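This structure is in C-alpha coordinates; I'll ask about it shortly.
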Amino acid sequence: MALSAIQGSRRRMYVERIGDRDWDLQEVDLDIYDDVTLWSENPRLQIQLPTNDIKSEEQLEAALQTMPGYDTLRKSIDDLGQMEPIYVQRFEGADKALVLEGATRVTILRELDRKYVTGIKQGRYRRVKVKLLPPEFGDLERTVLLARIHVRGSGVRAWGRYVEAKFIHDVVVGRNGSRPLMNVTQMAQYMEKSVSWVLRLKDAYAFAQRYIEFVDAEDGEGEKSAAKQFSVLEEVSKARLIGSQLREYDNPKTEVLRADVFNMVRNNAFKEYRDARFLKEFHEDPEKWEQLKSGEEHVASRLALEVKTNSSSVKAKIANLNLQVRRSLERDEGDLGEEEVGLLNEAAGLIESHLHPGIRPIRVALRKAVAALNDVSRSDILALSQPEVEEFRAAIEYFEQMNERHGRVSQ
(Lines give C-alpha, C1' and ligand atoms only; values in the text may rest on other atoms or scores of the structure.)
Protein backbone atom coordinates (compact mmCIF):
# COMPACT_ATOMS: atom_id res chain seq x y z
CA MET A 1 0.00 0.00 0.00
CA ALA A 2 1.70 3.17 -1.16
CA LEU A 3 1.87 6.17 1.13
CA SER A 4 0.94 8.44 -1.76
CA ALA A 5 -2.30 6.52 -2.24
CA ILE A 6 -3.26 7.11 1.39
CA GLN A 7 -2.41 10.79 1.28
CA GLY A 8 -4.37 11.23 -1.94
CA SER A 9 -7.56 9.93 -0.31
CA ARG A 10 -7.27 11.91 2.94
CA ARG A 11 -10.57 13.19 4.35
CA ARG A 12 -10.20 14.63 7.85
CA MET A 13 -8.25 14.37 11.10
CA TYR A 14 -9.45 13.01 14.46
CA VAL A 15 -7.88 13.64 17.85
CA GLU A 16 -8.63 10.73 20.19
CA ARG A 17 -7.53 9.99 23.74
CA ILE A 18 -6.32 6.39 23.76
CA GLY A 19 -4.25 5.22 26.71
CA ASP A 20 -2.30 8.07 28.29
CA ARG A 21 -2.04 10.42 25.32
CA ASP A 22 -3.92 12.07 22.48
CA TRP A 23 -3.48 10.60 19.01
CA ASP A 24 -3.89 12.38 15.66
CA LEU A 25 -5.67 9.94 13.34
CA GLN A 26 -6.18 10.45 9.61
CA GLU A 27 -9.42 9.38 8.01
CA VAL A 28 -8.77 7.85 4.58
CA ASP A 29 -10.54 5.66 2.02
CA LEU A 30 -8.91 2.30 1.30
CA ASP A 31 -9.65 -0.50 -1.14
CA ILE A 32 -11.32 -3.40 0.72
CA TYR A 33 -9.22 -6.00 -1.09
CA ASP A 34 -5.92 -4.37 -2.03
CA ASP A 35 -5.29 -2.11 0.95
CA VAL A 36 -6.56 -3.91 4.09
CA THR A 37 -6.27 -7.37 5.60
CA LEU A 38 -8.25 -8.96 8.43
CA TRP A 39 -6.59 -9.66 11.81
CA SER A 40 -6.25 -13.37 12.55
CA GLU A 41 -5.79 -12.60 16.28
CA ASN A 42 -9.14 -10.82 16.52
CA PRO A 43 -10.40 -11.78 20.03
CA ARG A 44 -13.97 -12.15 18.76
CA LEU A 45 -12.97 -14.95 16.37
CA GLN A 46 -10.69 -17.17 18.42
CA ILE A 47 -13.45 -19.64 19.35
CA GLN A 48 -14.66 -20.12 15.76
CA LEU A 49 -11.26 -20.39 14.06
CA PRO A 50 -9.25 -23.60 13.58
CA THR A 51 -6.43 -24.19 16.03
CA ASN A 52 -3.69 -24.23 13.38
CA ASP A 53 -1.73 -21.08 12.61
CA ILE A 54 -2.97 -20.81 9.02
CA LYS A 55 -6.05 -18.60 8.94
CA SER A 56 -7.03 -17.36 5.49
CA GLU A 57 -9.09 -14.28 4.70
CA GLU A 58 -11.87 -16.63 3.59
CA GLN A 59 -11.87 -18.40 6.96
CA LEU A 60 -11.94 -15.09 8.82
CA GLU A 61 -14.80 -13.76 6.71
CA ALA A 62 -16.80 -16.99 7.16
CA ALA A 63 -16.36 -16.79 10.94
CA LEU A 64 -17.42 -13.14 11.03
CA GLN A 65 -20.56 -13.93 9.04
CA THR A 66 -21.74 -16.19 11.89
CA MET A 67 -21.49 -13.43 14.51
CA PRO A 68 -24.69 -12.15 16.19
CA GLY A 69 -25.99 -8.99 14.56
CA TYR A 70 -24.21 -9.58 11.25
CA ASP A 71 -27.37 -9.65 9.11
CA THR A 72 -28.77 -6.51 10.77
CA LEU A 73 -25.55 -4.57 10.18
CA ARG A 74 -25.36 -5.81 6.58
CA LYS A 75 -28.87 -4.49 5.87
CA SER A 76 -27.98 -1.14 7.43
CA ILE A 77 -24.82 -0.79 5.33
CA ASP A 78 -26.69 -1.89 2.20
CA ASP A 79 -29.36 0.76 2.84
CA LEU A 80 -27.28 3.62 4.25
CA GLY A 81 -23.65 2.82 3.53
CA GLN A 82 -20.79 2.76 6.04
CA MET A 83 -21.58 5.30 8.79
CA GLU A 84 -18.45 5.16 10.97
CA PRO A 85 -14.80 4.67 10.02
CA ILE A 86 -12.94 1.57 11.23
CA TYR A 87 -9.47 1.41 12.83
CA VAL A 88 -6.48 0.04 10.89
CA GLN A 89 -2.74 0.12 11.45
CA ARG A 90 0.01 0.11 8.85
CA PHE A 91 3.20 -1.71 9.87
CA GLU A 92 6.65 -1.23 8.38
CA GLY A 93 7.19 -3.52 5.40
CA ALA A 94 3.55 -4.67 5.20
CA ASP A 95 1.68 -4.38 1.91
CA LYS A 96 -1.69 -3.91 3.59
CA ALA A 97 -3.05 -2.19 6.69
CA LEU A 98 -4.25 -4.52 9.47
CA VAL A 99 -7.91 -4.17 10.49
CA LEU A 100 -7.85 -3.93 14.30
CA GLU A 101 -11.47 -2.88 14.73
CA GLY A 102 -14.16 -3.05 12.08
CA ALA A 103 -13.56 -6.49 10.57
CA THR A 104 -17.31 -7.16 10.36
CA ARG A 105 -17.87 -4.01 8.31
CA VAL A 106 -15.03 -4.92 5.94
CA THR A 107 -16.50 -8.40 5.51
CA ILE A 108 -19.94 -6.94 4.77
CA LEU A 109 -18.52 -4.46 2.25
CA ARG A 110 -16.72 -7.32 0.50
CA GLU A 111 -19.91 -9.42 0.45
CA LEU A 112 -21.94 -6.54 -0.99
CA ASP A 113 -19.27 -5.72 -3.55
CA ARG A 114 -19.33 -9.32 -4.80
CA LYS A 115 -23.13 -9.23 -4.88
CA TYR A 116 -23.55 -6.05 -6.92
CA VAL A 117 -21.44 -6.74 -10.00
CA THR A 118 -23.84 -4.76 -12.20
CA GLY A 119 -26.37 -1.97 -11.80
CA ILE A 120 -26.34 1.29 -9.86
CA LYS A 121 -24.68 -0.25 -6.78
CA GLN A 122 -21.76 -1.67 -8.70
CA GLY A 123 -18.51 -0.46 -7.10
CA ARG A 124 -20.34 1.43 -4.32
CA TYR A 125 -18.91 -0.79 -1.58
CA ARG A 126 -15.37 -1.18 -2.93
CA ARG A 127 -13.77 1.27 -0.47
CA VAL A 128 -13.86 1.54 3.32
CA LYS A 129 -13.44 4.62 5.50
CA VAL A 130 -10.72 4.08 8.09
CA LYS A 131 -8.94 5.86 10.91
CA LEU A 132 -5.26 5.23 10.30
CA LEU A 133 -3.35 4.39 13.48
CA PRO A 134 0.34 5.39 13.41
CA PRO A 135 3.14 2.77 13.46
CA GLU A 136 4.10 3.67 17.06
CA PHE A 137 0.62 2.71 18.27
CA GLY A 138 1.64 -0.16 20.59
CA ASP A 139 0.14 -3.24 22.24
CA LEU A 140 -1.06 -1.31 25.30
CA GLU A 141 -2.85 1.32 23.22
CA ARG A 142 -4.39 -1.39 21.05
CA THR A 143 -5.67 -3.13 24.18
CA VAL A 144 -7.20 0.09 25.52
CA LEU A 145 -8.86 0.81 22.16
CA LEU A 146 -10.42 -2.64 21.90
CA ALA A 147 -11.57 -2.61 25.54
CA ARG A 148 -13.17 0.80 25.05
CA ILE A 149 -15.14 -0.34 22.01
CA HIS A 150 -15.97 -3.99 22.69
CA VAL A 151 -15.91 -4.51 26.47
CA ARG A 152 -17.63 -1.24 27.33
CA GLY A 153 -19.73 -1.40 24.18
CA SER A 154 -23.15 -2.95 23.62
CA GLY A 155 -25.18 -4.60 20.90
CA VAL A 156 -23.26 -5.86 17.88
CA ARG A 157 -20.00 -4.47 19.24
CA ALA A 158 -20.16 -6.39 22.51
CA TRP A 159 -17.84 -9.38 22.52
CA GLY A 160 -19.79 -11.54 24.92
CA ARG A 161 -18.90 -12.56 28.45
CA TYR A 162 -16.41 -15.33 27.63
CA VAL A 163 -14.42 -13.30 25.09
CA GLU A 164 -14.35 -10.36 27.52
CA ALA A 165 -13.03 -12.61 30.28
CA LYS A 166 -10.40 -14.16 28.00
CA PHE A 167 -9.30 -10.74 26.82
CA ILE A 168 -9.00 -9.45 30.40
CA HIS A 169 -7.14 -12.55 31.57
CA ASP A 170 -4.63 -12.36 28.70
CA VAL A 171 -3.98 -8.68 29.43
CA VAL A 172 -3.54 -8.83 33.22
CA VAL A 173 -2.03 -12.34 33.51
CA GLY A 174 -0.28 -12.79 30.18
CA ARG A 175 -0.79 -15.05 27.21
CA ASN A 176 1.31 -18.11 26.35
CA GLY A 177 3.96 -17.13 28.86
CA SER A 178 4.14 -13.47 27.86
CA ARG A 179 4.28 -10.72 30.46
CA PRO A 180 1.06 -8.87 31.44
CA LEU A 181 0.40 -5.61 29.62
CA MET A 182 -1.09 -3.98 32.71
CA ASN A 183 -2.36 -4.78 36.18
CA VAL A 184 -5.96 -5.21 37.30
CA THR A 185 -6.28 -1.67 38.63
CA GLN A 186 -5.04 -0.14 35.38
CA MET A 187 -7.38 -2.36 33.37
CA ALA A 188 -10.32 -1.27 35.50
CA GLN A 189 -9.44 2.39 35.02
CA TYR A 190 -9.09 2.16 31.26
CA MET A 191 -12.34 0.21 30.96
CA GLU A 192 -14.16 2.46 33.44
CA LYS A 193 -15.15 -0.61 35.43
CA SER A 194 -14.58 -1.53 39.09
CA VAL A 195 -11.55 -3.55 40.16
CA SER A 196 -13.89 -6.23 41.56
CA TRP A 197 -15.58 -6.55 38.14
CA VAL A 198 -12.23 -7.14 36.42
CA LEU A 199 -11.14 -9.62 39.11
CA ARG A 200 -14.38 -11.59 38.81
CA LEU A 201 -13.96 -12.07 35.08
CA LYS A 202 -10.26 -12.90 35.40
CA ASP A 203 -10.95 -15.57 38.03
CA ALA A 204 -13.97 -16.91 36.15
CA TYR A 205 -11.85 -17.38 33.02
CA ALA A 206 -9.20 -19.23 35.05
CA PHE A 207 -11.99 -21.53 36.30
CA ALA A 208 -13.25 -21.98 32.73
CA GLN A 209 -9.76 -23.09 31.68
CA ARG A 210 -10.03 -26.02 34.11
CA TYR A 211 -13.36 -26.88 32.52
CA ILE A 212 -11.81 -26.73 29.05
CA GLU A 213 -9.03 -29.11 30.10
CA PHE A 214 -11.65 -31.48 31.55
CA VAL A 215 -13.80 -31.50 28.39
CA ASP A 216 -10.84 -31.60 26.00
CA ALA A 217 -9.61 -34.78 27.68
CA GLU A 218 -12.62 -36.53 26.12
CA ASP A 219 -13.90 -34.76 23.01
CA GLY A 220 -11.70 -31.73 22.32
CA GLU A 221 -14.62 -29.27 22.26
CA GLY A 222 -13.72 -27.58 25.52
CA GLU A 223 -13.45 -23.94 24.48
CA LYS A 224 -16.65 -23.92 22.45
CA SER A 225 -18.48 -25.51 25.37
CA ALA A 226 -16.88 -23.08 27.85
CA ALA A 227 -17.94 -20.10 25.76
CA LYS A 228 -21.50 -21.39 25.58
CA GLN A 229 -21.67 -22.23 29.28
CA PHE A 230 -19.54 -19.38 30.60
CA SER A 231 -22.28 -17.62 32.56
CA VAL A 232 -23.02 -20.90 34.36
CA LEU A 233 -19.33 -21.55 35.01
CA GLU A 234 -18.91 -18.04 36.38
CA GLU A 235 -21.86 -18.48 38.72
CA VAL A 236 -20.64 -21.92 39.83
CA SER A 237 -17.15 -20.59 40.60
CA LYS A 238 -18.53 -18.02 43.05
CA ALA A 239 -21.29 -20.15 44.60
CA ARG A 240 -21.46 -19.93 48.38
CA LEU A 241 -18.90 -22.15 50.14
CA ILE A 242 -18.74 -24.76 47.38
CA GLY A 243 -17.37 -22.24 44.88
CA SER A 244 -14.21 -21.65 46.92
CA GLN A 245 -13.73 -25.42 47.22
CA LEU A 246 -14.00 -25.84 43.45
CA ARG A 247 -11.26 -23.24 42.99
CA GLU A 248 -8.79 -25.14 45.20
CA TYR A 249 -6.95 -26.42 42.16
CA ASP A 250 -3.96 -27.78 44.11
CA ASN A 251 -6.12 -29.73 46.56
CA PRO A 252 -6.54 -33.38 45.39
CA LYS A 253 -9.63 -33.72 47.59
CA THR A 254 -11.58 -31.30 45.38
CA GLU A 255 -10.87 -33.07 42.08
CA VAL A 256 -13.87 -35.43 42.34
CA LEU A 257 -16.19 -32.59 43.32
CA ARG A 258 -14.94 -30.48 40.42
CA ALA A 259 -15.38 -33.38 37.98
CA ASP A 260 -18.96 -33.89 39.17
CA VAL A 261 -19.79 -30.20 38.64
CA PHE A 262 -18.06 -30.03 35.24
CA ASN A 263 -20.08 -33.04 34.09
CA MET A 264 -23.25 -31.29 35.22
CA VAL A 265 -22.34 -28.21 33.19
CA ARG A 266 -21.40 -30.21 30.10
CA ASN A 267 -24.67 -32.19 30.32
CA ASN A 268 -26.70 -28.94 30.46
CA ALA A 269 -28.03 -29.61 33.95
CA PHE A 270 -28.33 -25.83 34.39
CA LYS A 271 -30.82 -24.27 32.00
CA GLU A 272 -29.65 -20.80 33.01
CA TYR A 273 -26.90 -19.42 35.21
CA ARG A 274 -29.29 -18.38 38.01
CA ASP A 275 -29.95 -22.05 38.79
CA ALA A 276 -26.28 -22.44 39.76
CA ARG A 277 -26.78 -20.01 42.64
CA PHE A 278 -28.33 -22.89 44.59
CA LEU A 279 -25.31 -25.15 44.20
CA LYS A 280 -24.63 -25.09 47.95
CA GLU A 281 -28.19 -26.17 48.74
CA PHE A 282 -28.01 -28.88 46.05
CA HIS A 283 -24.73 -30.22 47.45
CA GLU A 284 -26.11 -30.37 51.00
CA ASP A 285 -29.05 -32.51 49.82
CA PRO A 286 -27.73 -35.96 48.71
CA GLU A 287 -30.90 -36.71 46.74
CA LYS A 288 -30.74 -33.45 44.77
CA TRP A 289 -27.02 -33.90 44.17
CA GLU A 290 -27.56 -37.36 42.69
CA GLN A 291 -30.25 -35.96 40.40
CA LEU A 292 -27.82 -33.33 39.16
CA LYS A 293 -25.26 -36.05 38.45
CA SER A 294 -27.80 -38.14 36.55
CA GLY A 295 -27.28 -36.31 33.25
CA GLU A 296 -30.88 -35.10 33.02
CA GLU A 297 -31.00 -31.91 30.98
CA HIS A 298 -32.11 -28.74 32.80
CA VAL A 299 -32.76 -30.68 36.01
CA ALA A 300 -31.37 -27.80 38.07
CA SER A 301 -34.34 -25.58 37.15
CA ARG A 302 -36.76 -27.96 38.85
CA LEU A 303 -34.49 -28.43 41.85
CA ALA A 304 -33.99 -24.68 42.18
CA LEU A 305 -37.76 -24.19 42.19
CA GLU A 306 -38.02 -26.70 45.03
CA VAL A 307 -35.37 -24.84 47.02
CA LYS A 308 -37.06 -21.47 46.41
CA THR A 309 -40.48 -22.89 47.36
CA ASN A 310 -39.07 -24.21 50.61
CA SER A 311 -37.40 -20.86 51.17
CA SER A 312 -40.52 -18.71 50.90
CA SER A 313 -40.94 -18.25 54.65
CA VAL A 314 -40.04 -14.97 56.37
CA LYS A 315 -37.09 -16.67 58.07
CA ALA A 316 -35.73 -17.89 54.73
CA LYS A 317 -36.12 -14.47 53.13
CA ILE A 318 -34.26 -12.81 56.00
CA ALA A 319 -31.50 -15.41 55.75
CA ASN A 320 -31.11 -14.68 52.01
CA LEU A 321 -31.14 -10.90 52.43
CA ASN A 322 -27.44 -10.68 53.31
CA LEU A 323 -26.50 -12.61 50.15
CA GLN A 324 -28.67 -10.42 47.94
CA VAL A 325 -27.19 -7.20 49.35
CA ARG A 326 -23.65 -8.56 48.98
CA ARG A 327 -24.22 -9.48 45.33
CA SER A 328 -25.62 -6.02 44.61
CA LEU A 329 -22.63 -4.35 46.25
CA GLU A 330 -20.27 -6.53 44.18
CA ARG A 331 -22.00 -5.24 41.05
CA ASP A 332 -21.45 -1.64 42.21
CA GLU A 333 -25.10 -0.73 41.84
CA GLY A 334 -24.91 2.92 42.86
CA ASP A 335 -23.58 4.87 45.82
CA LEU A 336 -25.06 4.20 49.25
CA GLY A 337 -25.70 6.79 51.93
CA GLU A 338 -27.46 7.37 55.23
CA GLU A 339 -30.87 7.00 53.58
CA GLU A 340 -30.18 3.38 52.59
CA VAL A 341 -28.76 2.57 56.03
CA GLY A 342 -31.86 4.13 57.58
CA LEU A 343 -34.15 1.97 55.44
CA LEU A 344 -32.28 -1.16 56.50
CA ASN A 345 -32.51 -0.11 60.16
CA GLU A 346 -36.24 0.49 59.67
CA ALA A 347 -36.60 -3.06 58.30
CA ALA A 348 -34.57 -4.40 61.21
CA GLY A 349 -36.82 -2.54 63.61
CA LEU A 350 -39.86 -4.10 61.98
CA ILE A 351 -38.34 -7.56 62.43
CA GLU A 352 -37.47 -6.81 66.06
CA SER A 353 -41.07 -5.80 66.72
CA HIS A 354 -42.13 -9.33 65.77
CA LEU A 355 -39.58 -11.21 67.85
CA HIS A 356 -40.66 -14.15 69.94
CA PRO A 357 -42.18 -12.90 73.24
CA GLY A 358 -39.26 -14.41 75.11
CA ILE A 359 -36.73 -12.26 73.21
CA ARG A 360 -36.66 -8.56 74.09
CA PRO A 361 -35.59 -6.09 71.35
CA ILE A 362 -33.45 -4.22 73.92
CA ARG A 363 -31.02 -7.16 74.04
CA VAL A 364 -30.49 -7.01 70.28
CA ALA A 365 -30.06 -3.22 70.36
CA LEU A 366 -27.71 -3.36 73.34
CA ARG A 367 -25.37 -5.84 71.67
CA LYS A 368 -25.28 -3.62 68.58
CA ALA A 369 -24.55 -0.51 70.68
CA VAL A 370 -21.77 -2.25 72.65
CA ALA A 371 -20.13 -3.40 69.41
CA ALA A 372 -20.30 0.11 67.95
CA LEU A 373 -18.82 1.72 71.08
CA ASN A 374 -15.98 -0.78 71.24
CA ASP A 375 -15.10 0.03 67.63
CA VAL A 376 -15.33 3.83 67.86
CA SER A 377 -12.45 5.83 66.36
CA ARG A 378 -11.17 9.38 66.64
CA SER A 379 -12.74 10.30 63.29
CA ASP A 380 -16.09 8.92 64.53
CA ILE A 381 -15.94 11.17 67.60
CA LEU A 382 -15.04 14.23 65.50
CA ALA A 383 -18.03 13.56 63.23
CA LEU A 384 -20.51 13.81 66.12
CA SER A 385 -22.28 17.07 66.94
CA GLN A 386 -22.64 18.34 70.50
CA PRO A 387 -26.43 17.72 70.60
CA GLU A 388 -25.86 14.11 69.51
CA VAL A 389 -23.31 13.60 72.30
CA GLU A 390 -25.62 15.18 74.91
CA GLU A 391 -28.55 13.02 73.75
CA PHE A 392 -26.35 9.92 74.09
CA ARG A 393 -25.22 10.88 77.60
CA ALA A 394 -28.81 11.49 78.69
CA ALA A 395 -29.78 8.05 77.40
CA ILE A 396 -26.89 6.43 79.27
CA GLU A 397 -27.88 8.25 82.46
CA TYR A 398 -31.49 7.08 82.14
CA PHE A 399 -30.29 3.51 81.54
CA GLU A 400 -28.10 3.61 84.65
CA GLN A 401 -31.00 4.84 86.77
CA MET A 402 -33.26 2.04 85.50
CA ASN A 403 -30.55 -0.55 86.05
CA GLU A 404 -29.95 0.61 89.63
CA ARG A 405 -33.65 0.23 90.41
CA HIS A 406 -34.53 -2.91 88.51
CA GLY A 407 -31.36 -4.58 87.32
CA ARG A 408 -30.34 -8.04 88.47
CA VAL A 409 -27.10 -6.66 89.96
CA SER A 410 -29.06 -4.32 92.26
CA GLN A 411 -31.17 -7.23 93.42
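The values are calculated or read from the model by the stated rules, or taken from the named source; none is laboratory data. Just so it is clear, the model here is predicted, and its values are computed rather than measured. For neighbour counting, all protein chains shown are included, and Cβ atoms are generated from backbone atoms with ideal geometry for every residue, glycine included. Each accessible area value is taken on the protein alone, full model and side chains, heavy atoms only, with ligands, DNA and RNA left out. Shrake-Rupley method; radii C 1.70, N 1.55, O 1.52, S 1.80 Å.
Evaluate E = 1/(1 + (r/R0)^6) for residue 379 and residue 218, where r is the Cβ-Cβ distance and R0 equals 51 Å; express this FRET efficiency to the nearest 0.05.
0.30
What residues have an amide H closer than 5 Å to that of residue 97, excluding those fewer than 5 places away on the same chain, when H is modeled at 1.01 Å from N in the peptide plane?
36, 37
Ignoring any ligand, DNA or RNA, what whole percent of the accessible area of the stretch 46-149 comes from carbon and sulfur when the probe is 1.4 angstrom? Don't jump to the answer; show the numbers that get you there.
Details: 2680 of 5230 Å².
Within the stretch 46-149, the accessible surface is 51 percent carbon and sulfur.
While we're on this one: Averaged per residue, what accessible area in Å² does the stretch 258-309 show with a 1.4 Å probe, protein chains only?
Details: 2600 Å² over 52 residues.
Accessible surface, normalised per residue, equals 50 Å².
List the residues whose amide H sits under 5 Å from the amide H of residue 55, counting only those 5 or more places along or on another chain, with H placed 1.01 Å from N in the peptide plane.
none
Where does each of 249, 125 land when they are ordered by accessible area, with a 1.4 Å probe and the largest first?
Numbers: 249 55, 125 5 Å².
So the residues, ranked largest to smallest area, are 249, 125.
I would also like to ask the following. Please list, in order along the stretch 362-367, the HN-Hα scalar couplings obtained from phi with the Karplus expression 6.51 cos²θ - 1.76 cosθ + 1.60 (θ = phi - 60°), rounded to whole Hz, x for Gly and Pro.
Rounded to whole hertz, the list is 4, 5, 5, 5, 5, 4.
In a shell of Cβ-Cβ distance under 13 Å around residue 305, excluding residue 305 itself, what net charge do Lys and Arg (+1) and Asp and Glu (-1) give? Provide the component values of the computation, followed by the final result.
Working: positive: 271, 274, 277, 288, 302, 308; negative: 272, 275, 281, 306.
Here the charged neighbours net out to +2.
Could I have the simple spin-label model distance between residue 386 and residue 95, label points 7 Å from Cα toward Cβ, reported in nm to one decimal?
Spacing of the two 7 Å Cα→Cβ label points: 8.6 nm.
Excluding residue 170 itself, calculate the net charge of residues whose Cβ lies under 13 Å from the Cβ of residue 170, where each Lys or Arg counts +1 and each Asp or Glu counts -1.
Numbers: positive: 142, 166, 175, 179, 202; negative: 41, 139, 164.
Cβ neighbours under 13 Å give a net charge of +2.
Right, next: Just the accessible area for residue 167, please: 1.4 Å probe, Å², rounded to the nearest 10?
Ignoring ligands and nucleic acids, residue 167 comes out at about 20 Å².
At 1.4 Å probe size, what's the solvent-accessible area of residue 118? Round to the nearest 10 Å².
Only protein atoms counted, so the area is about 100 Å².
When Lys and Arg each count +1 and Asp and Glu each count -1, what net charge do the other residues less than 13 Å away from residue 81, Cβ to Cβ, add up to? The partial results should precede the final answer.
Working: positive: 74, 75, 105, 121, 124, 126, 127, 129; negative: 29, 78, 79, 84, 113.
Counting the neighbours of residue 81, the net charge comes to +3.
Quick one: order 205, 116 from most to least accessible surface, probe 1.4 Å. Intermediate results must be reported in sequence, preceding the final value.
Details: 205 15, 116 40 Å².
Reading off the accessible areas and sorting them downward yields 116, 205.
By accessible area of protein heavy atoms, probe 1.4 Å, what ranking do 273, 14 get, highest first?
On the way: 273 75, 14 40 Å².
Reading off the accessible areas and sorting them downward yields 273, 14.
For the stretch 107-137 and the stretch 212-288, write down the distance between their C-alpha centroids in whole Å.
Measuring centre to centre over Cα atoms gives 45 Å.
Quick one: how many Å² of residue 67 are accessible to a 1.4 Å probe, rounded to 10?
So the heavy atoms of residue 67 present about 20 Å² to solvent.
What's the extension gain from residue 27 to residue 274 if we count 0.36 nm per residue and subtract their Cα-Cα distance?
Details: separation 247, 0.36 × 247 = 88.92 nm, distance 4.55 nm.
Difference between extended and current length: 84.4 nm.
OK, next. Quick one: what are the phi-derived ³J(HN,Hα) couplings along the stretch 111-120, Karplus 6.51/-1.76/1.60 with θ = phi - 60°, whole Hz, x for glycine and proline?
Using θ = phi - 60°, the values come out as 4, 5, 5, 5, 6, 9, 8, 9, x, 6 Hz.
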